[in-house]
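For reference, the structure is listed below as structure tokens.
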Amino acid sequence: MHNHILKIATIIQNGAVLIGKNVVCDAHVKRPIRIVTHIHWDHLMGLERSLKECENVLMTPISFDLLEILRGKYLNQEGKIKTLDYKEEFSFKGEKIKFFPAGHIFGSALVLLETEKKIKILYTGDFKYPPAEPVKTDILITEATYGNPLNVRKFKYEVEKALIDLVKESLINQPVMIFGFHGKLQRMLTIFEREKLSVPILLPNKIYYMAKVCEKYNLKLGEYILVESEEGQRITKGKEPFLALFHSKSYNNIPSYGIKINLTGWEFEKPIKRAGENEWIVALSDHSDFEQLLDFIKECKPEFVITDNYRVGDAEALSKEIEKKLKIPSMPLP
Ligand SMILES: [Zn+2]
């Protein structure tokens with residue numbers, strides 16, 4: 001029924017998002033142009049192959065600088081990576097590509113492609129609305145992380161305050177360790193900078209250098225210290241309270257002294273929740289919740305919506321709700 005649409009916008013079995021005739025996003029297919037919407041691993045799949053088999057790999061300058069820290073300087077040795085600023089245009093064989101801020105991790109982009117026949121296709125990657133702004137489009141391909149109607153946060157704007165209170169209270173007599181994914185960790189630093197916390201903030205190697213990249217792009221992150229440095233070691237072994245930020249994947253590897261705070265979007269009832277004697281969960285998310293997804297989709301005014309059924313989420317439920325509530329035809333893919 002929608003065959004003409006699926007020829008220019010689809011998601012296939014390996015998670016690759018195909019738009020237009022020449023572009024593939026967020027996984028590998030041998031097409032001339034590969035796009036990386038942001039540097040989370042489930043959007044970097046097959047990047048090494050794309051760097052061999054595609055003509056160009058496009059991403060924002062921020063994503064490129066962050067990716068060099070994650071993957072090393074050799075990454076662009078063949079010079080195929082081209083950086084594209086938000087709202088700058090890239091053309092390839094009659095197709096026009098533009099990035100818009102996605103409000104997800106620093107550097108993340110929504111991708112708008114206009115075909116030769118002037119059909120607009122918007123692929124969101126991961127996004128958070130607000131601050132991302134809707135973009136008018138004919139066909140929309142959206143993420144569906146919180147696509148289930150039950151995934152509505154009752155407390156959209158109170159999380160940061162609850163988190164700060166918890167951190168300040170805990171820091172009176174012990175260290176506080178915060179665990180999150182890239183993006184959330186940088187957001188933490190901006191919050192602590194604003195709050196002018198008077199304890200040292202320690203960051204492990206990659207997170208430290210990613211913070212330096214964010215500062216290069218004018219994000220205010222305050223002062224922080226490399227855990228592995230002499231000063232960092234002295235602080236961790238000393239008696240004074242400190243704050244340390246780690247990637248979520250090291251949650252079980254870091255010795256548990258002081259308080260552990262886990263940042264997760266998968267919490268909808270309360271902004272903070274106790275998870276153990278010295279463990280807390282804070283509901284900090286960098287994705288739109290269900291209501292924000294629907295509002296964003298409505299504002300983009302698409303005629304057809306594809307929901308991403310490859311990555312974590314509930315693409316089937318979201319598709320049904322789009323048809324029911326917005327009266328726009330929709331299907332989950334793959
Ligand atoms: Zn992401």
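The values are calculated or read from the model by the stated rules, or taken from the named source; none is laboratory data. Given the structure is predicted, the values throughout are model-derived calculations rather than measurements. Every residue, glycine as well, gets a Cβ built from its backbone with ideal geometry; the counts of neighbours run over all protein chains shown.
Tabulated results
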| item | result |
| --- | --- |
| In segment 165-206, the residues that are without any contact (Cβ under 8 Å) to a residue 40 or more places away in the chain and either buried (at least 22 other Cβ atoms within 10 Å of the Cβ) or of a type in the set (S, T, N, Q) (or both) | Thr190, Ser198, Asn205 |
| Qualifying residue in segment 210-230 (condition: within 16 Å of the ligand (Cβ to nearest atom) and touching a strand residue (DSSP E or B) at 6+ places or on another chain (Cβ under 9 Å)) | yes |
| Selected residue (criterion: nearest to the ligand (Cβ to nearest atom)) from residues of segment 136-166 that are of a type outside the set (S, T, N, Q) and in a strand (DSSP E or B) | Ile141 |
| Out of Ser319, Ser330, Ser288, sole residue that is touching a Phe, Trp or Tyr at 6+ places or on another chain (Cβ under 6 Å) and of a type in the set (Ser, Thr, Tyr) | Ser288 |
| Residue tally, condition within 14 Å of the ligand (Cβ to nearest atom) and either surrounded by fewer than 20 Cβ atoms within 10 Å (Cβ to Cβ) or more than 21 Å from Thr145 (Cβ to Cβ) (or both), over segment 45-61 | 1 |
| Scope segment 19-37; condition buried (at least 22 other Cβ atoms within 10 Å of the Cβ) and touching a helix residue (DSSP H, G or I) at 6+ places or on another chain (Cβ under 9 Å); matching residues | Val24, Cys25, Asp26, Ala27, Arg34, Val36, Thr37 |
| Residue match in segment 19-40 (condition: of a type in the set (A, V, I, L, M), within 16 Å of the ligand (Cβ to nearest atom) and farther than 24 Å from Val135 by Cβ) | no |
| Residues (surrounded by 14 or more Cβ atoms within 10 Å (Cβ to Cβ) and either aromatic (Phe, Trp, Tyr) or touching a His at 6+ places or on another chain (Cβ under 9 Å) (or both)) located in segment 63-88 | Ser63, Phe64, Leu66, Leu70, Tyr86 |
| Qualifying residue in segment 86-98 (condition: within 30 Å of Pro204 (Cα to Cα), among the polar types (S, T, N, Q), touching a strand residue (DSSP E or B) at 6+ places or on another chain (Cβ under 8 Å) and part of a strand (DSSP E or B)) | no |
| Considering residues of segment 116-175 that are of a type in the set (Phe, Trp, Tyr) and within 30 Å of Ala244 (Cα to Cα) only, the residue modelled with the lowest pLDDT | Tyr157 |
| Residue ID - nearest to the ligand (Cβ to nearest atom), chosen from residues in segment 263-289 that are of a type outside the set (D, E, K, R) and over 19 Å from His104 (Cβ atoms) | Ile281 |
| Residue list for segment 1-18, restricted to those being buried (at least 24 other Cβ atoms within 10 Å of the Cβ) and over 20 Å from the mean Cα position of the chain (by Cα) | Ala9 |
| Checking Ser63 against (1) at pLDDT below 95; (2) out of contact with any Lys or Arg (no Cβ under 9 Å at 6 or more places or on another chain), the condition it does not meet | (1) |
| Counted residues, segment 101-135 - those being in a strand (DSSP E or B) and away from the ligand (no atom under 16 Å from the Cβ) | 6 |
| Which numbered condition Asp126 fails, given (1) surrounded by fewer than 20 Cβ atoms within 10 Å (Cβ to Cβ); (2) of a type in the set (Asp, Glu); (3) within 30 Å of Leu6 (Cα to Cα) | (1) |
| Where Leu66 falls short, out of the listed (1) within 16 Å of the ligand (Cβ to nearest atom); (2) not in a helix (DSSP H, G or I) | (2) |
| Residue tally, condition aliphatic (A, V, I, L, M), touching a Gly at 6+ places or on another chain (Cβ under 7 Å) and either farther than 12 Å from Leu263 by Cα or not assigned by TED's automatic domain parsing to the domain that holds Lys260 (or both), over segment 160-199 | 2 |
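Per-residue answers, yes or no, for (1) outside any loop (DSSP other than H, G, I, E, B); (2) among the charged types (D, E, K, R); (3) not assigned by TED's automatic domain parsing to the domain that holds Ile164:
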{"position": "Ile207", "(1), (2), (3)": "yes, no, no"}
{"position": "Gly222", "(1), (2), (3)": "no, no, no"}
{"position": "Glu228", "(1), (2), (3)": "no, yes, no"}
{"position": "Gly232", "(1), (2), (3)": "yes, no, no"}
{"position": "Ile235", "(1), (2), (3)": "yes, no, no"}
{"position": "Leu245", "(1), (2), (3)": "yes, no, no"}
{"position": "Ile254", "(1), (2), (3)": "no, no, no"}
{"position": "Tyr257", "(1), (2), (3)": "no, no, no"}
{"position": "Asn262", "(1), (2), (3)": "yes, no, no"}
